[in-house]
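Below: the structure, in structure tokens.
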Amino acid sequence: MALLKWQIIFLTFLLYHLNDEVASEPIKRIVNGSNAVAKQFPYQTFLYTFKNYEWYATCGGVIISSRAVLTAAHCIADNAVAFIIFIGAVNLTDSLEPGQQRVIVKRSYVVVHPEWDEFQLINDIALIKLPVEVHFNEYVQPAKLPNPKHLYENEMGVVSGWGNTESSNTGSAILKYYVVGVLSLDECATQLKELTRTPSIVPQSYICLKPSNSSPCKGDSGGPLAIKNPDGHSTLLGLASFVIGPCETNRPSVYTRVSSYLSWIKNHTEISG
């Protein structure tokens, strides 16, 4: 009973300080995106990280089941103690927003891919197991996992997040999004080579966005690249991993291809099939 009492006190402390920080700190967003509305991206989540006795606005994420959220491996700090996952949110600063939920998750619930390599930027994926079951409604729905046999090249998808609007720290509390095409791996390799002036080998586990007048930016990491299905549900193609340069537009952006990790995901969740 004493241990339970202290756990409750600790979680209350985390929530109190999170609410104080969210109310005072502007949230950052996608470059040249449009404002999302309630129920538009019911699979979208956002992570706040508690480390060094402070809260940090961190990354996006994606609901894939009632007990699991995907994000990028580089979003999970080694010294993180806990996370708050915002679910069903559009305005992160509005705790009374209809549909918004917040779930506290301890670091021990997070599974980072064992072959995540921060130097080569490969296997940039992590799974957050939720301690409670999320109840789905019109504000909260999971994204479907992709077809492993389909590359989705040249298809149109949508990316969303609360990342920076530019390389500076100006931003908005509102979820942003934009529609973008998917590059072939060969074209992605060609464009990355031209930009970096070095030979670029693009692994199959990358999925790249076509250059456009919009771009993901810092804070969008771990967020979704998804396509809308005829039945109204969405399929998750990728998780935001990295951009070339300081969030400049008209450059390809690189996402982690979710279909490359279906076996790993299923090994750590209740998802089957």
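The values are calculated or read from the model by the stated rules, or taken from the named source; none is laboratory data. Because the structure is predicted, anything quoted here is derived from the model rather than measured. Note that each Cβ is placed from the backbone with ideal geometry, even for glycine, and that neighbours are counted across all protein chains shown.
Points worth noting:
- Pairs meeting the criteria (first residue in segment 203-228 and touching a residue at least 12 places away in the same chain (Cβ under 8 Å) and at positive phi, second residue assigned to a loop (DSSP other than H, G, I, E, B) and not β-branched (Val, Ile, Thr), beta carbons under 8 Å, at least 6 apart or on different chains) are Gly219/Lys28; Gly219/Arg29; Gly219/Trp162; Gly219/Gly163; Gly219/Asn164; Gly219/Gly171; Gly222/Ala72.
- Qualifying positions in segment 37-69 - outside any strand (DSSP E or B) and either at pLDDT 95 or above or hydroxyl-bearing (Ser, Thr, Tyr) (or both): Val37, Ala38, Lys39, Gln40, Phe41, Pro42, Tyr43, Tyr53, Ser66, Arg67
- Residue satisfying condition, being under 17 Å from Met156 (Cβ atoms), among the hydroxyl-bearing types (Ser, Thr, Tyr) and modelled with pLDDT under 90, within set Ser234, Ser212, Ser172: Ser212
- Some residue of segment 117-133 being surrounded by 20 or more Cβ atoms within 10 Å (Cβ to Cβ), on the phi < 0 side of the Ramachandran plot and in a loop (DSSP other than H, G, I, E, B): yes
- Checked against (1) assigned by TED's automatic domain parsing to the domain that holds Leu237; (2) part of a loop (DSSP other than H, G, I, E, B); (3) within 20 Å of the chain's Cα centre (by Cα), Ile207 meets all criteria but (2).
- The criterion of being modelled with pLDDT of 95 or more, among the aliphatic types (A, V, I, L, M) and touching a strand residue (DSSP E or B) at 6+ places or on another chain (Cβ under 8 Å) holds for Ala143.
Results for (1) at pLDDT 90 or above; (2) surrounded by 16 or more Cβ atoms within 10 Å (Cβ to Cβ), shown as yes or no for each residue.
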{"residue": "Ser160", "(1), (2)": "yes, yes"}
{"residue": "Thr165", "(1), (2)": "no, yes"}
{"residue": "Leu183", "(1), (2)": "yes, yes"}
{"residue": "Arg197", "(1), (2)": "no, no"}
{"residue": "Cys208", "(1), (2)": "yes, yes"}
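- Residues considered: Lys144, Lys106. Of these, the only one that is in contact (Cβ under 8 Å) with a residue 40 or more places away in the chain, of a type outside the set (Ser, Thr, Tyr) and surrounded by fewer than 19 Cβ atoms within 10 Å (Cβ to Cβ) is Lys144.
- Any hit, segment 71-78, residues being outside the structural domain of Asn213 (by TED's automatic domain parsing), at pLDDT 95 or above, within 26 Å of Val243 (Cα to Cα) and part of a strand (DSSP E or B): yes
- Here Glu270 clears all of (1) farther than 25 Å from Glu138 by Cβ; (2) outside the structural domain of Asn164 (by TED's automatic domain parsing); (3) among the acidic types (Asp, Glu) except the condition numbered (1).
- In segment 59-73 there is at least one residue matching the filter, namely being out of contact with any Lys or Arg (no Cβ under 9 Å at 6 or more places or on another chain) and farther than 25 Å from Asn137 by Cβ.
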